[in-house]
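What follows draws every value from the coordinates through simple rules; no lab data is involved. Bear in mind that the values here come from a model prediction, so they are computed numbers and not experimental data. Note that each Cβ is placed from the backbone with ideal geometry, even for glycine, and that neighbours are counted across all protein chains shown.
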Amino acid sequence: MSYIAIGDIHGQRAALDALLAQLPLTPADVLVFLGDYVDRGPDAPGTLERLLAVQQAHAQCVFLRGNHDAMLLHFLDLVPRGDGASYTLACNDGISTLTQYGCPASLLQQCPEEHLPPLAVRHALREYVPRAHLAFLAATQLLYATENYVFVHAGINPAHALAEQWEDDLLWIRAAFLKKTHRLPQTVVYGHTPTRECGFDPRIEHAQRRIGLDTGAAYGGFLSAMVLPAEHLVRIPCRAPTTAL
């Protein structure tokens with residue numbers, strides 16, 4: 001049995017299809033998706049539809065929540081707290097995802113950057129997203145721990161025990177995790193921070209017990225999967241970026 005961790009997808013449906021076709025997947029393997037299924041890519045709706053099909057076809061799936069998924073859930077008023085006000089910032093590309101779902105310009109024009117629109121607008125936009133997609137995102141989990149690995153979207157706060165991690169850190173942390181060695185016995189497998197400085201190769205740091213798998217699918221890099229514990233890499237090149245990092 002292997003764990004197969006898949007990095008940030010960001011709406012790259014075609015790359016996801018190609019990646020899944022190349023995985024050495026057996027029924028006993030656990031597929032762990034590290035989150036960020038939406039935004040910054042050409043086909044967020046198709047990506048979620050494909051993930052729903054994977055969930056039906058393979059019994060051993062874990063879907064983690066990314067910060068972009070969390071922003072969308074809060075923006076659409078499906079979770080009580082979060083950073084939904086940032087969802088429509090150009091750098092987050094939330095408007096692109098809403099447009100892909102067919103949300104009309106008349107509603108999108110009522111979504112100012114850095115401010116949540118009125119609840120009536122948020123609820124109206126929500127009607128354009130299939131309920132199965134909303135339920136899928138709402139069911140995602142923040143962390144998945146095994147004897148040898150901790151899978152999480154952004155990382156962990158090294159100052160806190162695993163049971164005491166804050167949601168914001170699991171979704172958003174960068175420097176505090178990447179610049180300090182954690183104390184957990186497991187290797188932390190994470191996405192969120194693109195490995196641009198590594199040429200969009202995975203960031204493998206055995207001494208620090210960290211493996212980073214956001215290999216820039218949103219930025220003209222790759223969509224990557226790693227088979228663990230063998231550390232066998234499967235990756236697919238992605239289309240050119242639509243937004244700047």
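I'm checking my understanding of the structure. Among residues of segment 54-72 that are small (Gly, Ala, Ser) and assigned to a helix (DSSP H, G or I), which one is surrounded by the fewest Cβ atoms within 10 Å (Cβ to Cβ)?
Step by step, filter segment 54-72, then rank; the result is Ala57.
So how many residues does segment 185-221 have that are farther than 16 Å from Ile156 by Cα, among the small types (Gly, Ala, Ser) and surrounded by 21 or more Cβ atoms within 10 Å (Cβ to Cβ)?
So the count comes out to 4.
Test each condition in (1) exposed (fewer than 13 other Cβ atoms within 10 Å of the Cβ); (2) more than 23 Å from Leu25 (Cα to Cα); (3) not aliphatic (A, V, I, L, M) for Pro229 and report the one that comes out false.
Going through (1) exposed (fewer than 13 other Cβ atoms within 10 Å of the Cβ); (2) more than 23 Å from Leu25 (Cα to Cα); (3) not aliphatic (A, V, I, L, M) one by one, Pro229 breaks only (2).
Would you be able to tell me the number of residues in segment 149-176 that are free of Cβ contacts under 8 Å to residues at least 24 places away in the same chain and part of a helix (DSSP H, G or I)?
Qualifying residue count, segment 149-176: 7.
Just to be sure I understand, how many residues within segment 11-40 are of a type in the set (Val, Ile, Thr) and touching a residue at least 40 places away in the same chain (Cβ under 8 Å)?
Total satisfying the criteria: 2.
Yes or no: Thr99 among the β-branched types (Val, Ile, Thr), surrounded by fewer than 16 Cβ atoms within 10 Å (Cβ to Cβ) and assigned to a helix (DSSP H, G or I)?
Considered against the rule, which asks whether it is among the β-branched types (Val, Ile, Thr), surrounded by fewer than 16 Cβ atoms within 10 Å (Cβ to Cβ) and assigned to a helix (DSSP H, G or I), Thr99 comes out as yes.
Against the condition assigned to a loop (DSSP other than H, G, I, E, B) and either in contact with a strand residue (DSSP E or B) (Cβ under 7 Å, 6 or more places away or on another chain) or of a type in the set (Lys, Arg) (or both), how does Leu184 come out, does it pass?
Yes, satisfied.
May I ask you to verify whether Leu51 is in a helix (DSSP H, G or I) and among the aliphatic types (A, V, I, L, M)?
The answer is yes for Leu51.
Which of the residues spanning segment 116-153 are closer than 17 Å to Gly84 by Cα, basic (Lys, Arg) and within 21 Å of the chain's Cα centre (by Cα)?
Arg126 - this is the single residue of segment 116-153 that is closer than 17 Å to Gly84 by Cα, basic (Lys, Arg) and within 21 Å of the chain's Cα centre (by Cα).
Among the residues that make up segment 110-125, is at least one of them more than 14 Å from Phe75 (Cα to Cα) and surrounded by fewer than 16 Cβ atoms within 10 Å (Cβ to Cβ)?
no
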